[in-house]
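See structure below.
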Amino acid sequence: MRQKQTKTHNDNIDYLSSFIGLTIDSAFQEQYFFEGKLNEESMGTLKLIFSNGQKFTFDCDGNAESLIIRKDGFTDKGILESNIEDNRYKWKEVEFISSNALSNFGNVINVYLEEFTNEFETIQSGCKIEFKSGDYLRIWTKESDNIFYGLNKKPPYLKNENLKIELKTLYNH
């Protein structure tokens, strides 16, 4: 495994483990528009703000086509938007889950890391954050640096029995 990929994988584990006992106060989606049309190949970067004030973003690492979790919020896209001719690229931050709904989930009680193994390597392809209420937030990646997520939703590829995918428990209350 490449050194950068190893650091990303270790950071993902550390960040996910740090969510235990916290609540999520806000959840935002960074939608991406090309030539005025919403890109539907990917849901866009997800930002979660936790009860301790920390912000984390969830995205797909384009080099490894795997999950990457970063500390802090969205990166500033102003330079990208203004430097590209015709203003073809735009990003918009929208609420993904309302604060009111999030307050009903309670604390994070379990976190899981999804690993996908192919003939070349094992990558971190997603995660699951489970709340005291029994609800969960599932985040997953797909090839071509796309990321998806949903509340109480499973990735559609889990139906493919030929894929070697394991959901590893990082913390179970």
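Before moving on, here are some points about what is shown:
- Where a residue in the stretch 153-170 is farther than 14 Å from ILE129 by Cβ and its partner, wherever it lies, is at pLDDT below 85 and not in a loop (DSSP other than H, G, I, E, B), with Cβ under 7 Å and at least six apart: LEU163/TYR157; ILE165/LEU158
- Meeting the requirement of 2 or more residues that are open to solvent by 70 Å² or more (accessible area, probe 1.4 Å), the strands (runs of 3 or more DSSP E) wholly within the stretch 86-173 are 89-97, 164-172.
- Cβ-Cβ contacts under 6 Å between residues 6 or more apart (or on different chains), taken from a first residue in the stretch 59-79 that is open to solvent by 30 Å² or more (accessible area, probe 1.4 Å) to a second residue that is at pLDDT below 80, are listed as GLY62/ASP145; GLU65/GLU143; LYS77/TRP91.
- If the condition is being open to solvent by 50 Å² or more (accessible area, probe 1.4 Å) and either modelled with pLDDT under 80 or on the phi > 0 side of the Ramachandran plot (or both), then the stretch 33-52 contributes PHE34, GLU35, GLY36, LEU38, GLU40, GLU41.
The values are calculated or read from the model by the stated rules, or taken from the named source; none is laboratory data. All figures in this text were calculated on a predicted structure; none of them were measured in a lab. Note: ideal-geometry Cβ built from the backbone for every residue, glycine included; neighbour counts use all protein chains shown. Note: accessible area is taken over every heavy atom of the protein model, side chains too, but ligands, DNA and RNA are not part of it. Shrake-Rupley method; radii C 1.70, N 1.55, O 1.52, S 1.80 Å.
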